[in-house]
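Only one structure is covered here, and it is reproduced in the block below.
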């Protein structure tokens, strides 16, 4: 085998893969199409539900004689020291290569949603915080650094980013998303993909497609999105991340849309993804997703039928462990009920990716043993910077913030002294260590209380928990009120506890009926306000919560979306004034807990009006955020123009820092289409630029708008650019318009092709 053409790196990848496939038996080809989750619990109480029912029995030593496609979460299943985990993974790979006829290693994959989900690895802010930062270059650096850590221990593939667009914030996985706008999700997600791929890691786009549009905001629920919502809201982030980011893998979603499960939809996974978008990478199943075609969707009667549906649709790899793509699939091919050509198609894609990763080369070796640091000083510095940029100052009407350095502060609330308040559900401590309570988190996670005491050493800081996150007990209210009454200011730190499948108030499978703060936290806040002491509300959450109940009653409101291991110092820095807040809302903050789902992407009928007594207008709109300095926006030029339906137009605005301290403004560009052949969102984001400014400094921001950015799906299901009037709105948020440029598109209706322009070009001078 060492002299076979498939081992020759000088030959084209396709030629190598074809030669290898021609030498493999049916069983060996099929073995490349599934993963194995070594060490995962099968007692029904593991990381994921249904593990026991969805895992086939196998003998490891016998199984690997056929080869193996994937190794699932060697680091993300149980606490293991990074260096020891790297040695164990290398040892497993050597056993696989020694046992099989061809000596091909498996692709090792891990979760990396908010950092490498491994013990002692940096826990970064969650993706919703990435969206709040509005800083793609910083997120690209985040992806690169996470990718380097993954690569250093022998991992090849990362299951991230999540590109689902928030449609109902009651959904538990909002914390994993980047926001409620497809342009923001696409640009930030693409930056993360570029970073991960630049480190040699295969980025896997999740969840393709429609998962976040579930009915009733329930996890893994049916989706009833229409054609235009699917095409114009759900799909664009995936298209951008594939075309511009170069992602090499896509994960099929759990949901069905209009009765067709994504995992069994060839129009989605083959026609759109492969033919229209020319994707050549691998499609992997979400965990147990192929088996769910039989057990949950009931579109297959047997495991073999589920395997056939998934293969025919275009899923190449069954994850996390073998079930349907194992013995049932081999038997079905032998019986003639499943064409072997489907096996060949999927195996060719898997082997091509392995070839590109160097796993078919004769000289392949796992990473050399040595010390491993997955939480380096550089990592923590990046985590701190991203956390600081993501904190959103929602309100500060009376200038209570920044806090004086020698003031008396009562810190109150269930999130103030809990390190896990900083972390999302896919951080290792929240995701895995709940099953290992005897193990320490493995990383330092300063709390808000600790950080505030360090930040303001001359302040007198007292603390009372007040209540639990979700427990109804109010016995702690009395002490909390006493501490607040003794202070000059009360900092109420409230929010979520991340968890999985009902074990938290936010996270996968932790969906909610409304957007009221969990437990009795709202009552605690009301009680604190009776003291007459100014109350600063700090929210550490995985979703937005309704805050209209306290409008005009709070001294200030600070929002942080699970800001990671450096989130405590970041929040404390904003409270002290060391950090000038620059985060902007990636999701709207509602006024009342009900009246959802609602995002800012509404057509006229979805806005407030006289036809209903219910006003869905958010308390704080998408893109909103305050600063400790003042920015002055100079007039936009030009004010009006006429361009063709395939033309472009530059919009320029000058922003000046008129305050006395450095700060960052986020200049946003929105599109308003007054008249179209189908209803359109009243406004939608089409460009943005974060601008750092010293006191008195001015910068000129130019957006290059292309007519393609006005495209939408018409009544016939085609993407079109229609002639007519448009408005470009330069704004500080979706509701804070600073200037309007009126355009007129001229010429015929145009159908942009696969090379359509996906984003505004932006320059800063």
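No value in this document is a laboratory result; all are computed from the given coordinates. None of the values given here were measured: they were computed from a predicted structure. Note that we place each Cβ from the backbone using ideal geometry, even for glycine, and neighbour counts take in every protein chain shown.
Tabulated results
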| item | result |
| --- | --- |
| Square roots of 5 times each gyration tensor eigenvalue, C-alpha, region 582-664, largest first, Å | 30, 24, 11 |
| Rg ratio (alpha-carbon, reference 2.2 N^0.38 Å) - region 346-397 | 2.14 |
| Mean Cα-pair separation over length for the chain, i.e. relative contact order, pairs under 8 Å, 6 or more apart, % | 13 percent |
| Exposure proxy order (Cβ contacts within 10 Å, fewest to most) of 192, 211 | 211, 192 |
| Centroid-to-centroid separation of region 745-765 and region 619-673 [C-alpha atoms, Å] | 19 Å |
| Percent of beta bridges antiparallel (DSSP, the chain, rounded to nearest 5) | 50 percent |
| Over region 631-764 - Rg/Rh using Cα atoms and the Kirkwood inverse-distance radius | 1.02 |
| For region 384-447: span of alpha carbons on each principal axis (Å, largest first) | 45, 25, 17 |
| Computed [θ] at 222 nm, helices only, for the chain once each DSSP H run of length n ≥ 4 contributes -39500 (n - 2.57) | -7000 deg cm²/dmol |
| Cα centroid separation, region 432-453 to region 96-127 (Å) | 23 Å |
| Ranked by how many other beta carbons lie within 10 Å on average, peptides 652-659, 303-310 from highest | 303-310, 652-659 |
| Residue order, fewest to most surrounding Cβ atoms within 10 angstrom, among 398, 361 | 398, 361 |
| Relative contact order %, region 101-191, counting alpha carbon pairs below 8 Å whose residues are six or more apart | 35 percent |
| Estimated distance in nm for a label pair at residue 365 and residue 98, the labels positioned 7 Å out from Cα along Cα-to-Cβ | 1.7 nm |
| 20 Å-binned pair-distance histogram of region 13-356 (Cα, whole percent) | 33, 61, 6 |
| Ratio Rg/Rh, restricted to region 26-175 and using Cα atoms, in which Rh is the Kirkwood radius | 1.01 |
| Distance between region 697-714 and region 251-271 - C-alpha centres, whole angstrom | 32 Å |
| Spherically averaged projected area of region 391-606 from its Cα convex hull (nm²) | 12.3 nm² |
| Distance between modelled label sites at residue 478 and residue 296, nm, 7 Å Cα→Cβ extension | 4.7 nm |
| Net length gained if the chain between residue 762 and residue 331 were fully extended (0.36 nm per residue, minus Cα distance) | 149.6 nm |
| Where N is the number of residues in region 130-251, Cα Rg divided by 2.2 N^0.38 Å | 1.03 |
| Relative intensity, log₁₀ I(q)/I(0), of the chain from a Debye sum that treats every alpha carbon as a point, q = 0.05 Å⁻¹ | -0.25 |
| Residues 74, 648, 22 arranged by fewest to most Cβ contacts within 10 Å | 22, 648, 74 |
| Potential extension, residue 3-residue 662 segment - 0.36 nm per residue separation minus Cα distance | 230.9 nm |
| Alpha carbon Rg of region 291-439, scaled by the compact-globule rule 2.2 N^0.38 Å | 1.76 |
| Debye intensity ratio in log₁₀ form over the Cα atoms of region 469-587, taken at each q of 0.22 Å⁻¹ | -1.43 |
| Ordering of 727-740, 124-137, 565-578 by burial proxy (mean other Cβ atoms within 10 Å per residue, highest first) | 124-137, 565-578, 727-740 |
| Spin-label proximity, residue 641 to region 680-698 - amide N less than 20 Å from point 7 Å beyond Cα toward beta carbon | 684-690 |
| Segments 637-643, 706-712 sorted - mean Cβ within 10 Å per residue, highest first | 706-712, 637-643 |
| Along each principal axis, Cα extent of region 503-549, largest first, Å | 39, 20, 16 |
